[in-house]
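Let me begin by presenting the structure, written as structure tokens, before commenting on it.
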Amino acid sequence: MNVQHEIKSHIIVIFGASGDLSKRMLIPAMYSLFKQNLLSNKQLIIGAGRTEISDEAYRQSVSADLFKICPDESSEIKNFCDHLFYQALDTSKEEEYIKIKSKLEALQAEYKIDDNVLFYLSTPPSLYYKIPDALANVGLNDRSTGFKRIIIEKPFGSDEKSARELNKHLLKKYREKQIFRIDHYLGKETVQNLLVFRFANAMFEPLWNSNLIDNVQIYANESIGIENRGGYYDQSGAVKDMVQNHLLQLLGIVAMEPPAKMDSYSIRNETLKVLQSLRRYTTDQEFDENIVVGQYLGSSTENSYREEKGIGKDSNTETYVAARFFIDNWRWHDVPFYVRTGKRLEKRVSEVVINFKNTPHPFFSKVQEKEGYKNQLVIRIQPDEGIKLTFAAKEPGTGFKTHEMDMSFFYSDFTNKNIPPAYERLILDALLGDNTLFARNDAVEACWAITDPIVEY
Ligand code: BG6
């Protein structure tokens with residue numbers, strides 16, 4: 001993709017510059033975009049944080065981090081780091097934001113950069129009110145001279161009510177199209193490919209409904225535990241951490257109707273309709289029948305969840321959830337959608353699995369006393385990204401000995417390019433002003449409306 005000419009000269013300001021996300025994801029993503037010449041050649045980055053350090057010290061620390069990942073790229077790293085600056089400020093103090101404004105103005109004047117700014121909030125969610133508000137109070141929401149956009153990390157609110165309040169608050173000073181609520185799952189190539197797979201091929205769409213699909217499974221299994229995120233995770237749990245955002249957004253794409261156009265407005269309208277059609281459970285019996293939660297136990301080498309740092313000995317936070325959802329609309333009437341996710345499971349794998357119905361009459365399977373043959377489509381989100389179709393085939397020779405066989409496609413065969421990490425794509429889209437792969441306010445609220453009763457249960 002050559003988008004360089006479309007990206008206007010700009011400055012990115014990262015709040016929470018010394019944090020883990022910035023170091024592990026944001027800076028490496030920006031560095032990779034820089035190396036591929038996908039950014040404007042007039043691009044600067046300002047790291048903002050509490051620690052008092054100079055531009056040079058910030059550059060050195062970023063360069064040391066990048067060097068660990070790309071040890072052979074010292075000259076590219078240096079070139080990239082020449083575009084970095086730093087501004088210390090106490091984000092909790094309104095009066096400090098003028099420092100960001102002055103730094104932006106000085107750099108814009110010195111490097112002849114237009115007044116386009118992308119603010120990345122990689123901070124604790126408690127600052128999602130303060131930072132956008134304080135920026136707006138010094139005029140840094142003003143779109144008349146260039147774009148002013150904000151990327152907000154998850155969690156966006158902690159329930160439907162708080163998400164609604166936060167949306168309402170942000171929308172007082174910003175337009176919806178200035179706000180980019182990040183859900184990194186939507187930035188994954190394989191998730192975007194679902195749109196192409198469904199809507200660029202005529203052959204799957206006629207099958208994509210309750211006439212032929214028996215059930216759909218969407219899961220994200222992780223082998224890691226909660227690492228050092230005890231403080232956050234114990235307040236969150238698997239439902240809020242993974243289902244409320246990533247997995248429901250994925251479900252929206254799997255189950256949506258064809259959009260009127262392939263644009264952000266139309267696609268997000270269709271995924272919203274799916275979320276609004278999800279059946280709500282209200283009675284204990286419905287919850288018991290449709291939701292299962294669990295928590296990981298320890299082993300001789302690994303901690304149990306309750307032994308992890310920052311977790312109470314009697315914590316009931318779930319690290320695993322399996323939910324059965326139904327979408328009450330014409331296309332999906334009574335087709336179960338099983339959504340599962342958990343930490344410290346055997347293997348890291350995320351997939352969307354479409355299980356088709358058996359043939360109406362078990363003709364060949366009767367011979368082998370089987371109920372039917374698996375007709376299954378697996379869309380592997382990660383790792384070993386690809387698609388696999390399983391169907392029955394006859395073994396050569398006499399009789400009708402039948403086997404389940406696979407046809408597969410792997411991304412690694414398709415292109416020798418590495419699959420770009422989600423953050424690269426999403427940062428680029430935010431700079432282009434394309435919010436298709438970001439969650440819209442109404443969708444975030446709809447997702448919370450689905451998960452709130454589950455959390456409560
Ligand atoms: C994050 C969750 O949003 O997604 C983490 O907070 C989880 O708990 C991660 O580990 C999973 O993302 P990925 O891209 O590794 O599947």
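The values are calculated or read from the model by the stated rules, or taken from the named source; none is laboratory data. A quick note: this is a predicted structure, and the numbers were derived from the prediction, not measured. Cβ atoms come from the backbone with ideal geometry, glycine included; neighbour counts cover every protein chain shown. All accessible areas refer to the heavy atoms of the entire protein, side chains included, with ligands and DNA or RNA removed. Shrake-Rupley method; radii C 1.70, N 1.55, O 1.52, S 1.80 Å.
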- Message: What pairs come out if I take residues in the range 225-247 that are more than 8 Å from the ligand (Cβ to nearest atom) and pair them with residues that are open to solvent by 20 Å² or more (accessible area, probe 1.4 Å) and assigned to a helix (DSSP H, G or I) whose C-beta lies under 8 Å away, six or more apart or interchain?
- Response: 237/455; 239/455; 240/455
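Give the residues of the range 337-359 that are part of a loop (DSSP other than H, G, I, E, B) and not acidic (Asp, Glu), sorted by residue number.
Taking the range 337-359 first, the residues part of a loop (DSSP other than H, G, I, E, B) are 343-348, 357-359.
Once the filter is applied, which keeps residues that are part of a loop (DSSP other than H, G, I, E, B) and not acidic (Asp, Glu), the range 337-359 yields 343, 344, 345, 347, 348, 357, 358, 359.
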- Task: Note down all Cβ pairs under 6 Å where the first residue falls in the range 139-156 and is of a type in the set (Val, Ile, Thr), the second is surrounded by fewer than 20 Cβ atoms within 10 Å (Cβ to Cβ), and they're at least six residues apart or on different chains.
- Result: 145/115
- Message: So, in the range 77-93, how many residues would count as being in a helix (DSSP H, G or I) and open to solvent by 70 Å² or more (accessible area, probe 1.4 Å)?
- Response: 2
- Query: Any idea which of (1) in a loop (DSSP other than H, G, I, E, B); (2) surrounded by 13 or more Cβ atoms within 10 Å (Cβ to Cβ) is the one residue 46 doesn't satisfy?
  - Reply: (1)
- Task: Quick one: residue 280 ticks every box in (1) within 13 Å of the ligand (Cβ to nearest atom); (2) in contact with a Pro (Cβ under 9 Å, 6 or more places away or on another chain) except a single one, so which number is it?
- Result: (1)
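Residue 269: assigned to a loop (DSSP other than H, G, I, E, B) and either of a type outside the set (A, V, I, L, M) or at pLDDT 95 or above (or both), yes or no? First the steps, then the outcome.
Details: assigned to a loop (DSSP other than H, G, I, E, B): no; either of a type outside the set (A, V, I, L, M) or at pLDDT 95 or above (or both): yes.
Answer is no for this residue.
Being over 30 Å from residue 286 (Cα atoms) and either in contact with a Ser or Thr (Cβ under 9 Å, 6 or more places away or on another chain) or at pLDDT 95 or above (or both): is that true of residue 343 here? Write out each step before concluding.
Working: over 30 Å from residue 286 (Cα atoms): no; either in contact with a Ser or Thr (Cβ under 9 Å, 6 or more places away or on another chain) or at pLDDT 95 or above (or both): yes.
Answer is no for this residue.
Pick from 387, 379: which is surrounded by 15 or more Cβ atoms within 10 Å (Cβ to Cβ) and within 16 Å of the ligand (Cβ to nearest atom)? Walk me through how you get there before you give the answer.
Working: 387 fails: within 16 Å of the ligand (Cβ to nearest atom).
Within the list 387, 379, the selection yields 379.
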- If you check residue 13 against the conditions, is it out of contact with any Asp or Glu (no Cβ under 8 Å at 6 or more places or on another chain), modelled with pLDDT of 95 or more, β-branched (Val, Ile, Thr) and in a helix (DSSP H, G or I)? no
- Note on the structure: Of the residues in the range 194-222, those that are in a loop (DSSP other than H, G, I, E, B) and either more than 18 Å from the chain's Cα centre (by Cα) or more than 13 Å from the ligand (Cβ to nearest atom) (or both) number 10
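Using the structure shown, decide if residue 180 is within 16 Å of the ligand (Cβ to nearest atom) and farther than 30 Å from residue 333 by Cβ.
Details: within 16 Å of the ligand (Cβ to nearest atom): yes; farther than 30 Å from residue 333 by Cβ: yes.
Considered against the rule, which asks whether it is within 16 Å of the ligand (Cβ to nearest atom) and farther than 30 Å from residue 333 by Cβ, residue 180 comes out as yes.
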- When (1) open to solvent by less than 20 Å² (accessible area, probe 1.4 Å); (2) at pLDDT below 95 are applied to residue 104, the one that fails is (2)
